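A short write-up of the structure that comes next.
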Amino acid sequence: MSIIRSVFKGCGAYLPEKVLTNAELATCVETSDEWITARTGIKKRHIAAEDQTTSDLAIAAANDALKAAGMTAEDIDLVIVATATPDQTFPSTASRVQAGLGMTSGVAFDIQAVCSGFIFALTTADNYLKTGQYQNALVIGAETFSRILDWEDRTTCVLFGDGAGAVVISAETGSGTSTDRGILATQIHSDGRYNDLLYVDGGPSSTKTVGHLRMQGREVFRHAVTNLASVVRDSLAVANMNMDDVNWIVPHQANKRILDGTARKLGIEADRVVVTVDQHANTSAASVPLALATAVKDGRIVEGDVIIMEAMGGGFTWGACLCRW
Ligand code: UT7
């Protein structure tokens, strides 16, 4: 049976120039490199310049992905930006990206699922491509979380960073089996009962402000490992595959201990887990495509490899995307 598959054509990344190390952070809040490293695995993060917005980061990552795909913005008919830190309340950051790339046709919109945003955006794009409505999609995760951090709250400000990652996917005919290249299964979930464990204490309709990120880290941690392991297993089941078929797990980079805990639960060796949290910290919706771009560019992920991407974030939201690169 022939079906439409969303096949990866290229991926790209952008990280702002400014790097903030744990040691530098320890001069601003009561923390230490030892504590941050031991509890999270984070060593440093990138911070956007004053005049850099989320769309600037997104455009740079998008251009990198287009170059890798050997395509131009004119080839793209769908742009989805996953972000929780938009340039403006409206219009969407995606429409700014569309304009920034010089596109005058196609459709562009944002998706808001915080740290799971890229998985939600990829799932959405995959479904549009599979219906035949669009042919080539640019899916971007981009964030400037430095703008919503309370820099006096050591329990949160040490955890996050800024950045953007992007992929280009194209509709191609597949056989309908797991030997196809492209997206093989996606699973996304949300459960709004957990708002108070991870949220921003502001917004246009509630406080008329942007607000700051608030998190009950230990509680989020507890849910993360369980939800992530379960959504990965469910995605594999949909494609009739198992963990032995997977070459790489590309997880949301929130905390090295969450990555290790999830890998242990799934029975996958640590050397098949792509880890960038030490270099980038948690970049929310950008973290999965940034990790993906890192492992593709350094040659670990090669054509034909089976990859599972997963993420969990505020909402709660969580999801996974199983694909063959
Ligand atoms: O991407 C969205 C999903 N987000 C996540 O997945 C984050 C999930 N949570 C986590 O990664 C971890 O829970 C944290 C890294 C946030 C915290 O690690 P933890 O091992 O759960 O630490 P804790 O919150 O239980 O805090 C332990 C101690 C506390 O002191 P007391 O009460 O034991 O005296 C904190 O006040 O560490 C203290 N602490 C710090 N100490 C130095 C908290 N933050 C810091 C800090 N530096 N930056």
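Go ahead and run the numbers for FRET between Ser175 and Glu17, Cβ-Cβ distance against an R0 of 35 Å, rounding to 0.05.
Using R0 = 35 Å, I get an efficiency of 0.20.
Which percent, nearest 5, of DSSP beta bridges in the chain are antiparallel?
Restricted to the chain, the bridges split so that about 75 percent are antiparallel.
Where in the chain lies the longest segment free of GluC sites (Glu not before Pro) that are both loop residues by DSSP (not H, G, I, E, B) and have at most 14 other Cβ atoms within 10 Å?
The segment 153-268 is the longest one with no such site.
Using only DSSP helix segments of four residues or longer, with each worth -39500 (n - 2.57), what per-residue ellipticity at 222 nm results for the chain after dividing by its residue count and rounding to 500?
-9500 deg cm²/dmol
Keeping all protein chains in place, calculate the accessible area per residue for region 1-57 (probe 1.4 angstrom), answer in Å².
51
What pairs in Lys9/Lys130; Lys43/Lys208; Lys9/Lys297 have C-alpha atoms more than 23 Å from each other?
Lys43/Lys208
Pick out which of Leu101, Leu57, Leu228 has the largest mean-square fluctuation in a Gaussian network model of the chain, springs linking Cα atoms closer than 10 Å.
With Cα springs under 10 Å in the chain, the top fluctuation among Leu101, Leu57, Leu228 is at Leu101.
Hey, can you rank 278-284, 254-260 by average C-beta count inside 10 Å, highest first?
278-284, 254-260
Carbon and sulfur atoms: what percent of the 1.4 Å accessible area of region 1-142 do they account for?
The value for region 1-142 is 51 percent carbon and sulfur by accessible area.
So, with a 1.4 angstrom probe, what is the percent of accessible area on region 167-325 that is carbon and sulfur?
47
If I take R0 = 45 Å and measure r between the Cβ atoms of Thr209 and Ser105 in this structure, what FRET efficiency does the formula 1/(1 + (r/R0)^6) give, to the nearest 0.05?
Rounded to the nearest 0.05, the efficiency is 0.80.
Of the DSSP beta bridges with both residues in region 220-325, give the percent that are antiparallel, rounding to the nearest 5.
Around 60 percent antiparallel, to the nearest 5.
Using a probe radius of 1.4 Å on heavy atoms only, what accessible surface per residue do you get for region 182-324? Whole Å² is fine.
41
List the trypsin sites (Lys or Arg not before Pro) within region 149-224 that DSSP assigns to loop and that have no more than 15 neighbouring Cβ atoms inside 10 Å.
Loop-located and lightly packed - Lys208.
What's the center-to-center distance, using Cα atoms, between region 1-74 and region 272-293 in Å?
8
Hey, got the Cα dimensions of the chain along the principal axes, in Å, largest first?
59, 46, 38 Å, listed from the longest principal axis down.
So what's the net charge close to Val7: Lys and Arg +1, Asp and Glu -1, counting the other residues with Cβ under 11 Å from its Cβ?
0
Can you tell me the FRET efficiency between Thr89 and Asn195 if r is taken as the Cβ-Cβ distance and R0 is 22 Å, rounded to the nearest 0.05?
0.65
The values are calculated or read from the model by the stated rules, or taken from the named source; none is laboratory data. From a predicted model like this one, the values you see are computed outputs, not experimental measurements. Positions of Cβ are backbone-derived with ideal geometry, glycine not excepted, and every protein chain shown enters the neighbour counts. Accessible surface areas use protein heavy atoms only, side chains included; no ligands, DNA or RNA. Shrake-Rupley method; radii C 1.70, N 1.55, O 1.52, S 1.80 Å.
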